[in-house]
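Below is one structure, written out as structure tokens, with a few remarks after it.
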Amino acid sequence: MMDSITSDVHPHIIRILEEGIRFDRQLEPVMVSQVCRLNMSQFPGVEVTGEFNQLIYICHGRRIARIIWFADGVEFVVCWSSPLHLTEMIGQVLHTIEEMSAENGLN
């Protein structure tokens with residue numbers, strides 16, 4: 001349980017962080033990870049590091065979470081609790097999933 005690290009975060013965001021997000025169809029994890037990295041890096045104050053299927057989401061110099069992409073989903077490891085930054089990160093991940101699903105004809 002993430003009680004101590006996510007005490008002020010909305011329960012729906014906590015559930016996503018704990019359970020991850022699963023896809024109905026397979027996506028190439030390295031490609032999706034790199035598209036997500038590009039999408040996230042467009043936002044002011046956001047830096048994204050990492051390689052292959054794992055990203056580190058950094059906002060204003062603070063490591064927020066590790067994002068791990070798989071063929072059938074994505075998982076999160078929270079490093080620092082910030083309701084706003086975690087919510088923005090989840091939104092960007094969902095946007096990337098939608099974008100990649102549309103490009104691959106999965107919608």
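The values are calculated or read from the model by the stated rules, or taken from the named source; none is laboratory data. Since this is a predicted model, take the numbers as computed values, not measurements. Cβ placement follows ideal geometry from the backbone for every residue including glycine, while neighbour counts extend to all protein chains displayed. Calculation scope for accessible area: heavy atoms of the full protein, side chains included, ligands and nucleic acids excluded. Shrake-Rupley method; radii C 1.70, N 1.55, O 1.52, S 1.80 Å.
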**Asked** Can you tell which of VAL9, VAL93 is open to solvent by less than 20 Å² (accessible area, probe 1.4 Å) and at pLDDT 95 or above?
**Response** VAL93
**Request:** Looking at (1) surrounded by fewer than 18 Cβ atoms within 10 Å (Cβ to Cβ); (2) over 20 Å from GLU99 (Cα atoms), find the lone condition where VAL78 falls short.
**Result:** (1)
**Message:** Which count do you get for residues in segment 41-51 that are surrounded by 13 or more Cβ atoms within 10 Å (Cβ to Cβ) and acidic (Asp, Glu)?
**Reply:** 1
**Item:** In segment 24-51, the residues that are touching a residue at least 60 places away in the same chain (Cβ under 8 Å) and closer than 14 Å to ILE68 by Cβ
**Value:** LEU27, VAL32, CYS36
**Complete:** Residues in segment 52-75 that are open to solvent by less than 20 Å² (accessible area, probe 1.4 Å) and in contact (Cβ under 8 Å) with a residue 24 or more places away in the chain total 8
**Request:** Please work out which one of (1) within 19 Å of HIS10 (Cβ to Cβ); (2) of a type outside the set (Asp, Glu); (3) open to solvent by 40 Å² or more (accessible area, probe 1.4 Å) is the condition LEU38 fails and give its number.
**Result:** (1)
**Asked** Among the candidates GLU99, GLU75, GLU47, which residue alone is charged (D, E, K, R) and more than 16 Å from VAL30 (Cα to Cα)?
**Response** GLU47
**Item:** Residue list for segment 83-107, filter: assigned to a loop (DSSP other than H, G, I, E, B), among the polar types (S, T, N, Q) and in contact (Cβ under 8 Å) with a residue 60 or more places away in the chain
**Value:** ASN104
